[in-house]
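Here's the structure we're looking at; comments come further down.
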C-alpha cells in the first residue's frame, strides 16, 4: 500500500518558484505513523517543488482554514490530470468539520485522516498498527526527506513536536477539546499530553546531527506546546533532555520559543521555578503570552477568565526581569461580540506600554468568532455565515487571524471599523511581527478578488 502525503503550497505564496518554507512537523508525524504501520509513504512539499502524485491515495495537511480552498484546487487538478483518487485530509482544522461539511467541501472520496479508525479502514490496516503520536519517533520520516529539503527546513525556524493539548477552552481557539479513544469509544476532555521524552531527545539529537552535516551551527525551534508551562514536571524533564543534547554537541546552539498562558507561567514560577530556569538554560529565550484583549469583561466573555490585568503585567515583567527572556504579546483581539472602543483602545495602549517598559514584541491578530473547531463554529447564531463559507470555500481565507475584519466575520459595522483601526495601529508598533492581509469574502467581484490576492502575496505570518 502506497500513499502520497502533501504539504500544500502556502496560500499567500507566489504562483511560481519557492514558496514559504517551513518544516511541516504534523505531516511528518503522520508520515512516521504510516511508515511504522507498513505503508509506503512519499512526502511532497509544494513550497519546494511542484507536486507529482504516484499512488492511488493522497493525503493533505491543512494548517488552518485558509488552506481549505487550496486543497480543493489541488484535488481538482489531480483528478483532471490523473483521474479519481482516494483523498485523506488532516490537520487541526479538519477535526472541527462535521462529516457532512467535510463531504461538501472536498467530496465523498475524501476522508478524515485525523480519525485513526477511518484512516485504518481506508488504508486497509489494523488500527492497532497505528502507534500513538506520543510514542512515535519522526526519524523514519526525516530519513525520507532529501538532503536539499532537510537543509532548507533546518536553516529556518521549525516546530518541534513536544506536546499536544491545552486545559483551557478559550472561545476563539480551535484547539481540540475532547478525545475519543479509537478502541473504547470513551470521550475525555483534552489536557496536555507530552511525547515520550526519550523519543524527543533521540529526534532532537538526530536533527542536530543532520544540521551539523550541512555546516549549520544552530537550530531555531518553536515548541508545539499550546501552553508551555502547563505541566512543569514534564517541562523540566524536557529541559534536561535538551541540555543533554547540547552537552553532547558543545559547539552547537539550540534556541527555543513557544506559547504560554500567563496563568501557567505564574503557577510554574511559584510552585516549580526550576522548570523555567532549566528551560532557559536549555535555550528557551522567547515566550509568547496569550494576552488576547484587555479588561476582565472581555476575558470573561471569551472564556479567558484566567487572565487578569495584574497577572498579565506581572508575567510580562517577570519574563524579562527575572528570567532574561523576551516576552511576545500574542494579542488576539477585536472580538466581534465582546470588544468595545474602550477595550480595544486599552489593549493597544497596554501593548505599547510593555514594548517600552520590557522590550516586548507585539504579535497582533484579529479574533474570529467562528472557525472550524471553536465554540462559535457549532453555534446556531453563526449558521448562516458557516453556510456562506461552505458555498464559497475561497472565503475561508477571511478566517485567517491576520486578515482584517470583514462583514462576514464582524457583521456589526461599528465594531468592524474599530477592530480594523486598532489592529492596524497595533501593526504599526515597534517590533511588530504581523503582516496583515485583506480578507476574501463571498461578495467580491473578480476584479476585487484579484486585487486582494495580489496584495496578500508573500505576506506570511511569523
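The values are calculated or read from the model by the stated rules, or taken from the named source; none is laboratory data. Everything quoted here is computed from the prediction, not taken from an experiment. For neighbour counting, all protein chains shown are included, and Cβ atoms are generated from backbone atoms with ideal geometry for every residue, glycine included.
Which one of these does residue 215 not meet: (1) part of a helix (DSSP H, G or I); (2) within 18 Å of residue 150 (Cα to Cα); (3) more than 24 Å from the chain's Cα centre (by Cα)?
Every listed condition holds for residue 215 apart from (1).
Among the residues of segment 21-39, is there at least one that is over 30 Å from residue 127 (Cβ atoms) and in contact (Cβ under 8 Å) with a residue 12 or more places away in the chain?
Yes, segment 21-39 contains a residue that is over 30 Å from residue 127 (Cβ atoms) and in contact (Cβ under 8 Å) with a residue 12 or more places away in the chain.
Among the residues of segment 158-165, is any at pLDDT below 90 and either surrounded by 16 or more Cβ atoms within 10 Å (Cβ to Cβ) or out of contact with any strand residue (DSSP E or B) (no Cβ under 8 Å at 6 or more places or on another chain) (or both)?
The answer is yes; a qualifying residue exists.
Mind listing whichever residues of segment 285-306 are over 18 Å from residue 317 (Cα atoms), touching a helix residue (DSSP H, G or I) at 6+ places or on another chain (Cβ under 9 Å) and either part of a helix (DSSP H, G or I) or free of Cβ contacts under 8 Å to residues at least 60 places away in the same chain (or both)?
295, 296, 297, 298, 305
Suppose we keep only residues that are outside any loop (DSSP other than H, G, I, E, B) and under 24 Å from the mean Cα position of the chain (by Cα) within segment 423-436. Which one would you say is nearest to residue 376 (Cα to Cα)? It would help to see each step written out before you state the result.
Restricting attention to segment 423-436, the residues satisfying the condition of being outside any loop (DSSP other than H, G, I, E, B) are 423-427.
Subsequent filtering for residues that are under 24 Å from the mean Cα position of the chain (by Cα) retains 423-424, 426-427.
Working: 423: 21, 424: 25, 426: 25, 427: 26 Å.
Result: 423.
Can you tell me which of (1) more than 23 Å from the chain's Cα centre (by Cα); (2) crowded, with 19+ Cβ neighbours inside 10 Å; (3) part of a loop (DSSP other than H, G, I, E, B) is the one residue 354 doesn't meet?
If we test residue 354 against (1) more than 23 Å from the chain's Cα centre (by Cα); (2) crowded, with 19+ Cβ neighbours inside 10 Å; (3) part of a loop (DSSP other than H, G, I, E, B), just (3) comes out false.
Quick one: which of 39, 3, 68, 78 is under 22 Å from the mean Cα position of the chain (by Cα) and more than 24 Å from residue 154 (Cβ to Cβ)?
Being under 22 Å from the mean Cα position of the chain (by Cα) and more than 24 Å from residue 154 (Cβ to Cβ) holds for just one of 39, 3, 68, 78, which is 68.
Is one or more of the residues making up segment 408-418 within 28 Å of residue 312 (Cα to Cα) and part of a strand (DSSP E or B)?
There is no residue in segment 408-418 that is within 28 Å of residue 312 (Cα to Cα) and part of a strand (DSSP E or B).
(1) within 26 Å of the chain's Cα centre (by Cα); (2) in contact (Cβ under 8 Å) with a residue 24 or more places away in the chain: which one isn't true of residue 343, the others all being true?
Evaluating residue 343 over (1) within 26 Å of the chain's Cα centre (by Cα); (2) in contact (Cβ under 8 Å) with a residue 24 or more places away in the chain leaves (1) as the failure.
Given the criteria surrounded by fewer than 22 Cβ atoms within 10 Å (Cβ to Cβ), in contact with a helix residue (DSSP H, G or I) (Cβ under 9 Å, 6 or more places away or on another chain) and more than 16 Å from residue 78 (Cα to Cα), does residue 48 qualify?
On the way: surrounded by fewer than 22 Cβ atoms within 10 Å (Cβ to Cβ): yes; in contact with a helix residue (DSSP H, G or I) (Cβ under 9 Å, 6 or more places away or on another chain): yes; more than 16 Å from residue 78 (Cα to Cα): yes.
For residue 48, the condition - surrounded by fewer than 22 Cβ atoms within 10 Å (Cβ to Cβ), in contact with a helix residue (DSSP H, G or I) (Cβ under 9 Å, 6 or more places away or on another chain) and more than 16 Å from residue 78 (Cα to Cα) - is met.
What do you reckon, is residue 282 in contact (Cβ under 8 Å) with a residue 12 or more places away in the chain, within 25 Å of the chain's Cα centre (by Cα) and either buried (at least 17 other Cβ atoms within 10 Å of the Cβ) or under 25 Å from residue 231 (Cβ atoms) (or both)?
Here the answer is yes, as residue 282 does meet what is asked.
Within segment 95-118, take every residue that is free of Cβ contacts under 8 Å to residues at least 40 places away in the same chain and in a helix (DSSP H, G or I) and give me the one that is surrounded by the most Cβ atoms within 10 Å (Cβ to Cβ). First the steps, then the outcome.
Keep residues of segment 95-118 that are free of Cβ contacts under 8 Å to residues at least 40 places away in the same chain, which gives 98-100, 102-103, 106-112, 114, 118.
Those still in the list that are in a helix (DSSP H, G or I) too: 99-100, 102-103, 106, 118.
Numbers: 99: 11, 100: 9, 102: 17, 103: 14, 106: 23, 118: 16.
It comes out as 106.
Could you tell me whether residue 86 is within 23 Å of residue 393 (Cα to Cα), surrounded by fewer than 17 Cβ atoms within 10 Å (Cβ to Cβ), touching a helix residue (DSSP H, G or I) at 6+ places or on another chain (Cβ under 9 Å) and touching a residue at least 12 places away in the same chain (Cβ under 8 Å)?
Judged against the criteria, residue 86 is a match.
Would you be able to tell me the number of residues in segment 308-349 that are crowded, with 18+ Cβ neighbours inside 10 Å and either at positive phi or assigned to a strand (DSSP E or B) (or both)?
The total comes to 8.
Quick one: how many residues across segment 216-236 are surrounded by fewer than 18 Cβ atoms within 10 Å (Cβ to Cβ) and closer than 11 Å to residue 255 by Cβ? Show your work before the answer.
If we filter segment 216-236 for residues that are surrounded by fewer than 18 Cβ atoms within 10 Å (Cβ to Cβ), which is where we start, we get 216-218, 220, 233.
Subset that is closer than 11 Å to residue 255 by Cβ: 218, 220.
Looking only at that region, the number is 2.
Out of segment 366-407, which residues are in a helix (DSSP H, G or I), modelled with pLDDT of 95 or more and closer than 23 Å to residue 294 by Cα?
399
Can you name every residue in segment 250-279 that is within 30 Å of residue 215 (Cβ to Cβ) and surrounded by fewer than 16 Cβ atoms within 10 Å (Cβ to Cβ)?
Here is the first cut: in segment 250-279, the ones within 30 Å of residue 215 (Cβ to Cβ) are 250-258, 278-279.
Residues satisfying the conditions are 250, 251, 253, 255.
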